[in-house]
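Let me begin by presenting the structure, written as structure tokens, before commenting on it.
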Amino acid sequence: MIKKISILLLLLTTGYFTFAQTEKHSISGYLRDAANGESLIGVSVYVRELGTGTVSNDYGFYSLSLVKGNYTLVINYLGYEKTEKSIVINNADQTVNIELKDETQKLKEVVITAQKEDENVRSVEMSVNKVEMKTIRRMPALLGEVDVIRSIQLLPGVTTVGEGASGFNVRGGNIDQNLILLDEAPVYNSSHLFGFFSVFNPDAVKDVKLIKGGVPAQYGGRLSSILDVRLKEGNAKKPELNGGIGTIFSRFSYERPFLKNRGSFIVAARRSYIDVLAKPFLRGDLASSRFNFYDLTAKANYRINDKNTVFVSGYFGRDVFGADFGFEWGNGTATARWNHVFNSKLFMNLTTYYSSYTYALESDRNNKSVSGDKFKWNSSIKNWSVKPDFSYYLTPNNLVTFGGQYINYDSQPGAATATSRGESRNISLEPRFADESALYVANDQKLSERFSVQYGLRYSYFRNLAPGKSFDFQEVVPGERQVPIFPAQQYASGVINTFGNFEPRLSAKFEFSPSASLKVSYNRMAQYLHLLSNTAASSPLDVWTLSSRLIKPQIADQIALGYFQNLKDNAYETSVEVYYKDLQNQIDYVRNSDLLLNQFLEGDLLFGKGRAYGAEFYVKKNKGNLTGWLSYTLARTERQIDGLNSNNWFPSRFDRTHSLSAVALYQLSERWSFSANFAFSSGTPATFPTNRYEWNGWAIKNNFEDARNNFRIAPYHRLDFGATYKPKRKLFKRGQGEYVFSVYNVYNRRNPFSVFMRENPDVPLTTEAVRFSVIGSVVPAVTYNFKF
């Protein structure tokens, strides 16, 4: 034993002195777009002489450790000119900032991705999709308006309940199981106009990244996915004006440098004008109708010096719908970030943000009620956070990331007043408070030329905070509403209850060749915030609630395996992924549950387990005049809740067995380009009666076996066309303009949003199934975009 220890110490000592004798120095800096100064994410920086390299992080920063000598850096980013830079490493660390020039102007062919070549094969990450804004802009869109959320719904593993549904579903998860980040601040409702448009202004968005599995340790708080949307930093080279005039709304953005090009900013705004166009035709009670949405997005950055850069960004948006009776909702975010380079190996990003989502419902908004009857309800979820993240470039083959986060929650489930005959009564619920803390550490390690791993651990800790109260409930038959026990437990101060969860993360990659690899990943996620909805699809008025003594955090364990291969010099990307997800503490509802203004809410909730599994197939063509992708997903999502469906497994409301998407983009000439989308998916499950009783001239529907989601509505399918024309003539002798034509739902498909049963009013004792379609016709549109 002593001999073995002596040998081990000798090896360690020898390794230490070997490392000391081969002293290394670092070269680091930022990679930016030469045209506008925007930082570039995921750029490959390769050292030709060593056959090794790194990639820039989410803020465009890179770092390499090299021994003394002469080297050639090869900077490769698809969509940009390949750049080579000779450097000499002497006795000091160096800062080398590099700007890349756009290559698309030189190429006759089109490139639809801006990432390093072979990234999908050579990177450890899997279950990740990146969609460039250049690509999203060329895709056909509803009413001609570019939309981030609708675009990602064409990716493998991503679905939606239907047109007019808020949010999206990833690998069978609920919409609240997606963490949607706008410059690192969470967005609680990503939709405008009941899901027809997203809150992201395309003129202000730089990068869109969807993570469905193998989630890195710095992310937490949701079970299914991370949608990370990064805003532009503003043109740091020259003033730029962009805009668009569309069928139902218009856009405007302005960006420019300031303070001698050390900083830049962008401001972007949108507003719909359906109400303005319709106002001359509205009479009577409809004359005061309001139905519009608007949003404002802004960001600024300032480079203090090579080691310090600060950013501030914000978003504010609102939807208003209704006349004398109506409702409104909206998001607001504010983010401040500080990038600091301690040295060439240690990088820090410190983020603090504030995010809020408020929604309201009101009757007799114009005070026309003769009796004075009125109802007003407001609800909100607000939080602020501090989040330091560190990147330590330990060696060329080891990137260590670590950090933490603190989040403070302030939830108002319902502040309401009801007025009857002039007398008002406050029926509000008490606000709820909580906080969440997390620490994480991870290592991205290249073990050999072919084998790499990324492993990490996150620990999250959640506390319900006083003041507040909590009810206990009597035990009842599973599936029935629970009866509260009085009095409630009152908490005047301190902590009401706590939850803590370890969340391990692991990803590994083995390269068979430079163009083929096999990857595997595992992650555990914990979610302490829940969206309660018992309708066919989520609505803007659904209630967000915090974990509590009786509402445990949701937990998900997911494992995925994938094979990735590129063909014909990276012109084609192909992948096949299979996944299995185990879910704990899933939320369902008793029959006829009451979720609004219910102080006994926990008594109407049911809890159980879930599982989701499937296979995703993906083929993408990156180069040439004809580009695009084809994706197919075969999946199953199920729940098991005691008291429902005879305690057996049943398909989730978001289960779609088959999903097929195709996107084609064709560049005919410098002036004309064309595009098409096709989407097909199996119908979603629904609960229908199995038999009926006839009594006293009435047909009473009944579900004999108490089956949940025992039928499926008809499949969904849709075809869209789009075309873009760029006139040769300059706009006002200096600007550029383009016309965007689109046809949504080309063959006039009436896709069912839901199906419900009713009695035929004309034929007694006759029941019928009624299909409800949100869009039941062809929707043509034209938009004019301009740029100065």
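The values are calculated or read from the model by the stated rules, or taken from the named source; none is laboratory data. Small disclaimer: the values here were computed from a predicted structure and weren't measured. Because the Cβ atoms are built from the backbone with ideal geometry, glycine has one as well, and the counts that use them run over all protein chains shown. Accessible surface is based on the protein model in full, side chains and every heavy atom, while ligands, DNA and RNA are left aside. Shrake-Rupley method; radii C 1.70, N 1.55, O 1.52, S 1.80 Å.
Exactly one residue among ASP410, ASP373, ASP435 is touching an Asp or Glu at 6+ places or on another chain (Cβ under 8 Å) and acidic (Asp, Glu), and that residue is ASP373.
Scanning segment 660-686 for residues that are open to solvent by less than 20 Å² (accessible area, probe 1.4 Å), touching a Ser or Thr at 6+ places or on another chain (Cβ under 6 Å) and either touching a residue at least 60 places away in the same chain (Cβ under 8 Å) or part of a strand (DSSP E or B) (or both) gives SER661, LEU665, SER673, ALA679, SER681.
Determine, yes or no, whether GLU103 is at pLDDT below 85, more than 30 Å from ASN343 (Cα to Cα) and open to solvent by 10 Å² or more (accessible area, probe 1.4 Å). It is true that GLU103 is at pLDDT below 85, more than 30 Å from ASN343 (Cα to Cα) and open to solvent by 10 Å² or more (accessible area, probe 1.4 Å). Restricting attention to segment 435-454, the residues being touching a strand residue (DSSP E or B) at 6+ places or on another chain (Cβ under 7 Å), among the charged types (D, E, K, R) and either assigned to a loop (DSSP other than H, G, I, E, B) or over 30 Å from TYR409 (Cβ atoms) (or both) number 3.
Among the residues that make up segment 715-722, is at least one of them in contact with a helix residue (DSSP H, G or I) (Cβ under 9 Å, 6 or more places away or on another chain), among the acidic types (Asp, Glu) and part of a loop (DSSP other than H, G, I, E, B)? It would help to see each step written out before you state the result.
Within segment 715-722, the first condition is being in contact with a helix residue (DSSP H, G or I) (Cβ under 9 Å, 6 or more places away or on another chain), and the residues that meet it are 720, 722.
Retained after the next criterion (residues that are among the acidic types (Asp, Glu)): 720.
From what is left, the residues that are part of a loop (DSSP other than H, G, I, E, B) are none.
Among the residues of segment 715-722, not one is in contact with a helix residue (DSSP H, G or I) (Cβ under 9 Å, 6 or more places away or on another chain), among the acidic types (Asp, Glu) and part of a loop (DSSP other than H, G, I, E, B), which makes the answer no.
For PHE741, are the conditions met, namely being part of a strand (DSSP E or B), under 30 Å from ARG671 (Cα atoms), in contact with an Asp or Glu (Cβ under 9 Å, 6 or more places away or on another chain) and touching a residue at least 60 places away in the same chain (Cβ under 8 Å)? Judged against the criteria, PHE741 is not a match.
I'm trying to understand the selection: among the residues of segment 286-296, which are assigned to a strand (DSSP E or B) and either among the hydrophobic types (A, V, I, L, M, F, W, C) or open to solvent by less than 50 Å² (accessible area, probe 1.4 Å) (or both)?
Those that are assigned to a strand (DSSP E or B) and either among the hydrophobic types (A, V, I, L, M, F, W, C) or open to solvent by less than 50 Å² (accessible area, probe 1.4 Å) (or both): PHE291, ASN292, PHE293, ASP295, LEU296.
Whether a residue is without any contact (Cβ under 8 Å) to a residue 40 or more places away in the chain, open to solvent by 50 Å² or more (accessible area, probe 1.4 Å) and more than 29 Å from LYS387 (Cβ to Cβ) was assessed, and GLN482 does not pass this test. So is ALA416 surrounded by 16 or more Cβ atoms within 10 Å (Cβ to Cβ), farther than 23 Å from SER28 by Cα and in contact (Cβ under 8 Å) with a residue 24 or more places away in the chain or not? Yes: the conditions hold for ALA416.
If you go through segment 86-98 one residue at a time, do you hit one that is assigned to a strand (DSSP E or B) and within 30 Å of LEU181 (Cα to Cα)?
yes
Quickly run through segment 576-593 and pick out the residues that are part of a strand (DSSP E or B) and either within 30 Å of GLY326 (Cα to Cα) or open to solvent by less than 20 Å² (accessible area, probe 1.4 Å) (or both). So that I can check it myself, show each step before the final result.
Let us first name the residues in segment 576-593 that are part of a strand (DSSP E or B), namely 576-589.
Those that are part of a strand (DSSP E or B) and either within 30 Å of GLY326 (Cα to Cα) or open to solvent by less than 20 Å² (accessible area, probe 1.4 Å) (or both): GLU577, TYR579, LYS581, LEU583, GLN586, ILE587, ASP588, TYR589.
Would you say GLY628 is buried (at least 16 other Cβ atoms within 10 Å of the Cβ) and under 30 Å from LYS552 (Cα atoms)?
Numbers: buried (at least 16 other Cβ atoms within 10 Å of the Cβ): yes; under 30 Å from LYS552 (Cα atoms): no.
Spelling it out, it is not the case that GLY628 is buried (at least 16 other Cβ atoms within 10 Å of the Cβ) and under 30 Å from LYS552 (Cα atoms).
Take the residues in segment 424-450 that are surrounded by fewer than 18 Cβ atoms within 10 Å (Cβ to Cβ) and among the hydrophobic types (A, V, I, L, M, F, W, C), then tell me which one is nearest to GLY214 (Cα to Cα). Out of the qualifying residues, it is VAL441.
Only one residue in LEU210, LEU223, LEU193 is open to solvent by 20 Å² or more (accessible area, probe 1.4 Å), over 30 Å from ASN308 (Cβ atoms) and either aliphatic (A, V, I, L, M) or in contact with a strand residue (DSSP E or B) (Cβ under 6 Å, 6 or more places away or on another chain) (or both), so which one is that?
On the way: LEU210 fails: open to solvent by 20 Å² or more (accessible area, probe 1.4 Å); LEU223 fails: open to solvent by 20 Å² or more (accessible area, probe 1.4 Å).
Going through LEU210, LEU223, LEU193 in turn, just one is open to solvent by 20 Å² or more (accessible area, probe 1.4 Å), over 30 Å from ASN308 (Cβ atoms) and either aliphatic (A, V, I, L, M) or in contact with a strand residue (DSSP E or B) (Cβ under 6 Å, 6 or more places away or on another chain) (or both): LEU193.
Close Cβ contacts (under 6 Å, 6 or more residues apart or on different chains) running from residues in segment 697-717 that are closer than 20 Å to PRO478 by Cα and open to solvent by 50 Å² or more (accessible area, probe 1.4 Å) to residues that are assigned to a strand (DSSP E or B) and polar (S, T, N, Q) comprise PHE704/ASN691. Among the residues of segment 259-271, is there at least one that is surrounded by 21 or more Cβ atoms within 10 Å (Cβ to Cβ), under 24 Å from the mean Cα position of the chain (by Cα) and of a type in the set (S, T, N, Q)? No: segment 259-271 contains no residue that is surrounded by 21 or more Cβ atoms within 10 Å (Cβ to Cβ), under 24 Å from the mean Cα position of the chain (by Cα) and of a type in the set (S, T, N, Q).
Please go through segment 158-178 and give me each residue that is within 12 Å of the chain's Cα centre (by Cα), of a type in the set (A, V, I, L, M, F, W, C) and not in a helix (DSSP H, G or I), ordered by number. VAL158, PHE168, VAL170, listed by residue number. Please work out if ILE485 is among the hydrophobic types (A, V, I, L, M, F, W, C), assigned to a strand (DSSP E or B) and closer than 15 Å to LEU583 by Cα. No, not satisfied.
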